[in-house]
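The structure appears below as structure tokens.
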Amino acid sequence: MDDADIDVKLPDPSFVPGTPAPVLELVDVWVAAVEKKQCHAVLKEVSAKAPLSALTHVKRVQRRDADDGSLRVLLCECSPNASPDTPDAWPAPVRDLVDRYALEPELVSVPGRAPRTRDQWEEWNALWPIAWQKPNSHLAVPLEAPCAEDVTEMKRWMRRCVDEARVAGATNAAIVVDPSGPGTVIARGLDETRGWRCNGGGNGRRCNGGGNGHPLRHCALVAIDDAARRDAETYPAGEDEKNIRSTTAPEATTARRLEVGEKRRRGETLSASEMTETLGRPYLCTGYDAYLVREPCVMCAMALTHSRVRRVIFGAGSPGNGALGGGKHSLHGQRTLNHHYQVYTFGLSGEEMDNLVRGHRQTQS
């Protein structure tokens, strides 16, 4: 297929974080002005007896601009409909502090969630001091948008992906691209679920529109299957086993009798780099980019995780069943996974993508 024939207009891709950036939600807390010489004693006692279990990101002390040099100390969280005149406005240890030090608590609003970007921290910190902790790498938002070269390449391959679906008359398509050098399409897949429910689909009869689909033949799975087939053809059977045996220490392969009461250790899962080192070649889709016309579902997103792709780029979100931020889930932000890929989207609506796939093509940007 000639790239010159592909003239689909696309906006610039945007990064999809593993977890949506939190919005500013304020919660009420009780604070009181404390003389500087008493601050240490008050802070030590209130921290021990009234910990902020739900506001661990909020600092307990705020410096004031008052002439007396006093500080404001966060005493405790505020219960609903509480006021200073309510007998149970504060926990007993806090009320004891208030009485002993003649404090005058007041209600103040503080951020109820921890910030996830530096800009959020700077904005929210102006309301009340909060701690800043750099997020895990797979949850952090990149400091910069994709460079111009990456944007050009992403648009190039997304146009190719859309054209694959348009030519085949499919609702969704996926391609796996090796981004090194000029870029190469390693594998491709079209949605092959059409016809499964037509005319009692699933019983082997063909749909009126042709095809004899299968409910698991989503385009991402078809593309991964194509990549696995190419992998098997490129690397003969038995080579992987030979490499694994040569890199495994003899003592590691020798079975050991367990002592009474000793638990069997669970085998560790290798990362993409460890698999590549062990096999002596890239594992399946390691280092490759997956392009999809539409956002993958949970099943496909997990399959892409297991295939070890580097990035997933999709054209339109799937609000109903999307698994990468456009729907109900953000699977790529799950901490427990042993591989995390970056996700980008072109942010098109389902209707806009339908028009592109059906052939309502526009001028290339």
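Name the residues in segment 294-348 that are open to solvent by 50 Å² or more (accessible area, probe 1.4 Å) and more than 21 Å from R217 (Cβ to Cβ), would you?
R310, P319, K328, H329, Q334, R335, T336, N338, H340, Q342, G347
So R230 ticks every box in (1) at pLDDT 90 or above; (2) under 30 Å from G325 (Cα atoms) but one. Which box is left unticked?
Going through (1) at pLDDT 90 or above; (2) under 30 Å from G325 (Cα atoms) one by one, R230 breaks only (2).
So for segment 8-31 (the condition being under 34 Å from the mean Cα position of the chain (by Cα), under 30 Å from H329 (Cβ atoms), at pLDDT 90 or above and surrounded by 20 or more Cβ atoms within 10 Å (Cβ to Cβ)), does at least one residue qualify?
yes
I'd like the full set of residues that are of a type in the set (A, V, I, L, M) and in contact with a Ser or Thr (Cβ under 8 Å, 6 or more places away or on another chain), limited to segment 310-331.
Result: I313, A316, A323, L324, L331.
Taking segment 21-55, which residues are of a type in the set (S, T, Y) and in contact (Cβ under 8 Å) with a residue 12 or more places away in the chain?
S47
Residue by residue through segment 304-344, note down the ones that are within 18 Å of V177 (Cα to Cα) and in contact with an Asp or Glu (Cβ under 7 Å, 6 or more places away or on another chain).
Result: V309, R310, R311, I313, F314.
Could you list, in sequence order, all residues of segment 34-73 that are surrounded by 12 or more Cβ atoms within 10 Å (Cβ to Cβ), among the aliphatic types (A, V, I, L, M) and assigned to a helix (DSSP H, G or I)?
Within segment 34-73, A41, V42, L43, V46 qualify.
Could you pull out every one of the helices (runs of 4 or more DSSP H) wholly within segment 90-179 that has 1 or more residues that are modelled with pLDDT of 95 or more?
Because the criterion is at least 1 residues that are modelled with pLDDT of 95 or more, the helices (runs of 4 or more DSSP H) in segment 90-179 that meet it are 148-168.
The values are calculated or read from the model by the stated rules, or taken from the named source; none is laboratory data. This structure is a prediction, so every number in the text was calculated from the model and none was measured. When we count neighbours, we look across all protein chains shown, and the Cβ atoms used for this are built from the backbone with ideal geometry, even at glycine. With ligands, DNA and RNA removed, areas are computed over all heavy atoms of the protein, side chains included. Shrake-Rupley method; radii C 1.70, N 1.55, O 1.52, S 1.80 Å.
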